[in-house]
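K.L.:
After the structure tokens below, expect a handful of questions from me.
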Amino acid sequence: MTAPVITAWSAVSPFGLGRRAFAAGVAAGTSAVTRPEKWPVPRQRVAPVPGFVTAEVLGHKGTRSMDRVSALTAAAADELLGADSRHREVAAGEWAALVLGTTAGSNRSMMDITRDTHTRAMPFHIDTPRIPNAIMNSSAAQCAIRHNLKGPNATVAGGRAAGLFALRYALRLLSSGRARSVLCGGAEELTEDRGWLEHLAGDPDRPTALGEGCSLLLLEPAAPPDGPVLAEVLGVTLGVFREAERDTALADCLSRALARAGVAPADLWAVSPAVGQTGVHLDGHAPLTLPSEESWGDAGAAAAPFQIASVLAAAEQDPAAPGRVAAVLSADRDNVLGCALFRIRKAARSTHA
């Protein structure tokens with residue numbers, strides 16, 4: 001059976017706009033996390049996308065009421081589809097799907113509407129242009145309209161693991177023939193509203209460095225004759241865990257994923273670990289450990305897509321990567337986890353920003 005393939009990717013991240021900025025940040029091993037002077041949420045560090053102003057990045061047309069998470073998604077799609085005519089042709093039309101991972105859509109949009117119902121003269125005197133943004137699938141819908149994606153359009157919620165949930169959903173669309181290409185990834189915005197929610201829900205003695213951004217993959221059902229293949233998607237394995245057994249459950253999930261894919265531990269080239277994992281050892285084999293949340297902060301639903309992007313970026317620079325396998329591990333605080341496996345096909349260097 002032919003494995004689905006990744007033929008392109010994009011990223012709008014705390015390292016900057018574009019996959020080139022992301023790849024450079026990963027290669028440098030630096031952190032994009034900062035401690036701003038005017039961030040109003042107590043004891044938090046942040047990793048915003050630097051200089052991201054919607055109108056300046058996307059233009060003024062159709063963006064006046066666009067929320068930040070939708071703008072980040074649109075910017076990532078613009079980069080992926082705007083750089084190559086083949087990408088635009090493949091990822092458009094009736095058979096082009098979009099699957100986007102999210103935590104809860106736009107916290108700011110939902111909280112703005114809720115606030116208006118309490119502060120305005122009447123509860124229904126709300127700012128109506130904000131209503132579409134408060135719907136969880138608004139970002140995916142706006143991106144599909146902007147780029148003529150007329151196939152299945154889905155939004156999958158799952159926090160840090162949402163990107164892997166979305167990838168598994170996308171694989172089902174391809175295997176069932178519901179789509180001939182899928183833009184798949186995850187997006188998260190960094191706003192004061194999200195900062196307060198995370199602060200009040202988290203441990204005040206262990207402040208979280210919040211990040212944001214969006215990363216998208218272009219998935220196709222098989223290797224195309226007219227384009228490069230960056231990696232094969234060998235599968236996505238999901239699971240759940242008890243509070244004190246997360247690391248054990250992650251190791252078991254990785255072992256199950258390798259067994260299902262018929263991959264020996266020695267074939268594992270690299271691992272992007274879940275937050276808090278220090279490394280992975282299998283039968284005495286220690287694969288390369290790639291950067292994760294310490295580099296770009298807690299990017300929520302964009303976390304796993306950033307991890308996948310880090311795999312593809314590192315593979316571009318490592319001549320030992322082609323033909324070998326990389327694993328992306330993810331776990332969310334709601335006790336769900338997952339592992340995705342990728343076989344690197346070739347080191348295709350970036351030619352656009």
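K.L.:
Which peptide among 234-243, 93-102 comes first, and what is the full order, when sorted by highest mean count of other Cβ atoms within 10 Å? Intermediate values should be presented prior to the final figure.
P.N.:
Details: 234-243: 16.7, 93-102: 24.5.
The densest-packed peptide leads the list: 93-102, 234-243.
K.L.:
Right, something else. Return the percentage of antiparallel bridges among DSSP beta bridges fully within the chain, rounded to the nearest 5 %. Working shown, then result.
P.N.:
Numbers: 36 of 58 bridges.
Of the beta bridges lying entirely in the chain, close to 60 percent run antiparallel.
K.L.:
Order 119, 103, 191 by their accessible area, 1.4 angstrom probe, all chains in place, largest first.
P.N.:
The most accessible residue leads, giving 119, 103, 191.
K.L.:
Would you mind calculating the gained length between residue 86 and residue 64 on full extension (0.36 nm times residue separation, minus the Cα-Cα distance), in nm to one decimal?
P.N.:
Details: separation 22, 0.36 × 22 = 7.92 nm, distance 2.99 nm.
Going from the current span to full extension adds 4.9 nm.
K.L.:
Here's another thing I want to ask about it. Calculated FRET efficiency, residue 178 and residue 135, Cβ-Cβ r, R0 30 Å, to nearest 0.05?
P.N.:
Result of the calculation: an efficiency of 0.85.
K.L.:
Could you calculate the contour length gain from residue 226 to residue 53, that is, 0.36 nm times the residue separation minus the distance between their Cα atoms, to one decimal place in nm?
P.N.:
So the extension gain works out to 58.7 nm.
K.L.:
Probe of 1.4 angstrom, ligands and nucleic acids ignored: what's the accessible area per residue over the chain, in square angstrom?
P.N.:
Averaged over the residues of the chain, the accessible area is 43 Å².
K.L.:
Given a 1.4 angstrom probe, I'd like the percentage of the accessible area of the chain that is carbon and sulfur, rounded to a whole number.
P.N.:
52
K.L.:
Here's something else I'd like to know. I'd like the Karplus ³J(HN,Hα) series for segment 166-176: coefficients 6.51, -1.76, 1.60, θ = phi - 60°, whole numbers in Hz, and an x wherever there's a Gly or Pro.
P.N.:
Running phi through 6.51 cos²θ - 1.76 cosθ + 1.60 with θ = phi - 60° gives 5, 5, 5, 4, 4, 4, 5, 4, 5, 5, 8 Hz.
K.L.:
What net charge is computed for the residues neighbouring residue 273, neighbours being all others with C-beta under 11 Å from the C-beta of residue 273, Lys and Arg scored +1, Asp and Glu -1? Show your work: numbers first, answer last.
P.N.:
Working: positive: none; negative: 247, 293, 294.
Net charge around residue 273: -3.
K.L.:
Which length gain, in nm to one decimal place, applies between residue 27 and residue 240 when the Cα-Cα distance is subtracted from 0.36 nm times their residue separation? Don't skip to the end; give the middle numbers.
P.N.:
Values: separation 213, 0.36 × 213 = 76.68 nm, distance 3.21 nm.
Residue separation times 0.36 nm, minus the Cα-Cα distance, leaves 73.5 nm.
The values are calculated or read from the model by the stated rules, or taken from the named source; none is laboratory data. Small disclaimer: the values here were computed from a predicted structure and weren't measured. Heads up, the Cβs are rebuilt from the backbone with ideal geometry, glycines too, and the neighbour counts pull from every protein chain shown. When the accessible area is computed, the model is the full protein with side chains, heavy atoms only, and any ligands, DNA or RNA have been set aside. Shrake-Rupley method; radii C 1.70, N 1.55, O 1.52, S 1.80 Å.
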